[in-house]
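> So that we are looking at the same thing, I have put the structure below in structure tokens.
Values quoted throughout were computed directly from the atomic coordinates according to the rules given, and no laboratory measurement underlies them. None of these values were measured; they are calculated from a predicted model. Counting neighbours? That spans all protein chains shown, and the Cβs are built from the backbone with ideal geometry, glycine included.
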């Protein structure tokens with residue numbers, strides 16, 4: 001019975017969201033606000049149960065001596081909430097600074113080692129070598145150079161530079177077109193999922209329950 | 001004046017056409033053919049090359065909002081792995097629903113393989129916050145990130161996790177992703193630890209991953225519902241007994257979804273062609289009218 005109630009609530013909320021296609025209305029705004037609230041509640045719960053308890057609380061209460069170093073992230077985390085006390089709000093910046101520095105450190109290496117170097121490397125091609133056909137290589141080389149010239153603003157885009165720059169715009173448009181096509185496919189897929197729920201899952205589960 | 005009315009069709013008529021174009025193929029499947037592309041075949045062949053001694057790390061980096069795209073991928077890959085006896089370690093790094101999706105998919109698939117033992121053939125480690133930090137630390141030891149599995153069992157007591165210490169013991173990482181997390185698997189884990197990474201991405205994020213595919217940082221890519229349907233087709237073609245499973249009425253699969261997808265695309269293209277034709281007709285009419293007035 002609980003599953004039956006669950007699917008009908010889900011169906012009602014789906015229809016509330018779809019009602020926006022006709023026009024904005026209170027049912028849509030109710031479902032939208034409910035989704036935002038439930039998502040936040042779910043996130044807090046899942047972080048507490050899956051991260052805070054097994055990775056912080058249990059180790060500290062289980063074997064404090066061996067896990068005393070966990071007090072550092074605990075204090076840094078609690079320190080973030082000092083921003084709600086105006087007199088000592090500046091203390092929160094210390095935690096924020098540690099957090100930002102950590103992720104800058106991770107990201108810097110990640111971007112250079114894992115993105116810039118391999119991506120530049122895979123663009124430096126022998127025109128007739130590699131795993132791709134010479135035509136693919138040629139398109140890649142011309143495309144990259146043309147797009148780079150389009151984004152090179154230190155010289156005026158006239159004459160030959162202007163022509164290559166316009167070619168760069170064509171390559172960019174092709175890229176945007178491919179991305180847009182994929183986006184349409186993605187959005188339609190989500191609609192298919194909801195329609196499948198309304199017309200197949202809902203009917204099946206209701207039929208099984210009755 | 002009549003032409004102006006045609007370019008200003010109420011958008012709700014377009015919505016209605018799309019709704020009908022989506023619903024009818026779901027209720028009355030057409031069975032359109034699905035052909036596979038190299039990025040999908042590449043992942044399929046990689047899984048085919050693995051066996052019972054190998055380990056796949058399957059990361060659920062998506063939530064319910066993109067389940068119609070990602071869940072069919074997850075189910076097809078899990079079935080493929082379990083059929084070949086490959087050991088699977090399941091984790092979730094997406095906060096809003098990743099662990100719930102992983103639990104649902106495992107609950108759907110594992111009953112099809114009654115011989116499977118949790119902890120021996122597969123392990124479900126659950127969700128962890130802070131994806132980048134978690135990925136980096138798993139390179140040292142999984143136990144540092146997941147001291148217990150999703151069922152609160154210490155990792156040391158799980159037979160599979162006794163031999164899977166870090167990425168060195170993983171033969172393939174597959175991320176089913178809705179956002180930037182897939183990129184991190186490639187530019188952090190693959191770059192720093194060298195473990196092969198394959199991605200099952202939503203269609204929205206798939207285009208940018210082709211660059212990673214070309215550079216060899218990803219060994220396979222399933223792009224959206226189309227990628228999922230290709231993988232389902234490859235699995236069915238190689239293991240025909242799955243055909244009965246995927247053909248069951250009332251069961252949502254990517255192959256069935258692609259029928260609706262194709263009809264919807266045809267409707268969208270028809271509207272684009274119609275709108276453009278009317279636009280050019282209006283322009284020609286106005287030009288002629290301008291010449292006549294002159």
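> In peptide A:48-56, how many Cβ atoms from other protein chains are near each Cβ within 10 Å, on average? Show your work: numbers first, answer last.
Values: counts 1, 4, 12, 8, 1, 2, 9, 9, 0.
The per-residue average across the peptide is 5.
> Over chain A, what is the relative contact order in percent, taking alpha-carbon pairs closer than 8 angstrom and at least six residues apart?
On the way: 93 pairs, mean separation 35.7, N = 210.
With pairs under 8 Å counted, the relative contact order is 17 percent.
> Relative to the longest principal axis of the C-alpha atoms of chain B, give the angle of the C-alpha long axis of helix B:254-293, reported between 0 and 90° and rounded to the nearest 10°.
30 degrees
> Label-point separation (nm) for residue A:63 and residue A:84, each offset 7 Å from Cα along Cα-to-Cβ?
About 3.5 nm, to one decimal.
> Over the Cα atoms of the stretch B:38-252, each weighted equally, I'd like the Debye log10 I(q)/I(0) at q = 0.12, 0.14 Å⁻¹, rounded to two decimals.
-0.55, -0.77
> Can you give me the angle between helix B:98-109 and the longest principal axis of chain B, using Cα atoms only, in degrees from 0 to 90, rounded to the nearest 10?
80 degrees
> Between rounded, prolate and oblate, where does the stretch A:67-210 land on the alpha carbon gyration tensor, with a ≥ b ≥ c its root eigenvalues, rounded for a/c under 1.5, else prolate if a/b exceeds b/c? Write out the running numbers ahead of the final one.
Numbers: a/c = 2.38, a/b = 1.23, b/c = 1.93.
Verdict is oblate for the stretch A:67-210.
> If you average 1/r over all unlike Cα pairs in the protein assembly as shown and invert the result, what Kirkwood radius do you get in angstrom? Please report the intermediate quantities before stating the final value.
Working: mean 1/r = 0.0387 Å⁻¹.
Radius from the Kirkwood sum: 25.9 Å.
> Taking the Cα-to-Cβ direction at residue B:53 and at residue B:84 and moving 7 Å from each Cα, how far apart do the two end points lie in nm?
About 1.5 nm, to one decimal.
> Identify the residues of the stretch B:64-92 with backbone N under 15 Å of a label point that sits 7 angstrom from the Cα of residue B:107 along the Cα-to-Cβ direction, or state none.
Those under the cut-off are B:64.
> In what sequence do B:185, A:170 fall when counting other Cβ within 10 Å, fewest first? It would help to have the intermediate numbers written out before the result.
Values: B:185 28, A:170 13.
With the sparsest Cβ surroundings first, the list reads A:170, B:185.
> Please work out the C-alpha center-to-center distance from the stretch A:146-210 to the stretch B:35-103 and express it in whole Å.
24 Å
> I've got another one for you. Which of these, A:35, A:180, A:84, has the largest mean-square fluctuation under a Gaussian network model of chain A (Cα springs below 10 Å)?
A:84
> Normalised by the number of residues in the stretch A:126-210, what is the relative contact order in percent for Cα pairs under 8 Å and 6+ residues apart? Each step should come with its number before you reach the end.
Details: 37 pairs, mean separation 17.1, N = 85.
Reported as a whole number, the value is 20 percent.
> Now, a different point. Can you give me the convex hull volume of the Cα atoms of the stretch A:133-210, divided per residue and expressed in Å³?
Working: hull volume 9.3 nm³, N = 78.
Dividing the Cα hull volume of the stretch A:133-210 by its residue count gives 120 Å³.
> Given a Förster radius of 41 Å and the C-beta distance between residue A:176 and residue A:35 as r, what FRET efficiency does 1/(1 + (r/R0)^6) yield to the nearest 0.05?
So the FRET efficiency works out to roughly 0.85.
> Once you place label points 7 Å from the Cα toward the Cβ at residue A:47 and residue A:91, how far apart are they in nm?
It works out to 2.0 nm between the two label points.
> Counting DSSP beta bridges with both partners in the protein assembly as shown, what percentage is antiparallel, nearest 5? Before the final figure, lay out each step's value.
Values: 1 of 28 bridges.
Percent antiparallel among DSSP bridges in the protein assembly as shown is about 5.
> Determine the calculated [θ] at 222 nm for chain B from helices alone, applying -39500 (n - 2.57) to every DSSP H run no shorter than 4 residues and normalising by the residue count; nearest 500 deg cm²/dmol.
Dividing the helical sum by the residues of chain B leaves -16000 deg cm²/dmol.
> Same structure, new question: Using only Cα atoms and rounding to the nearest 10 degrees, what angle (0 to 90) does helix B:67-83 make with the longest principal axis of chain B?
For helix B:67-83, the angle is close to 40 degrees.
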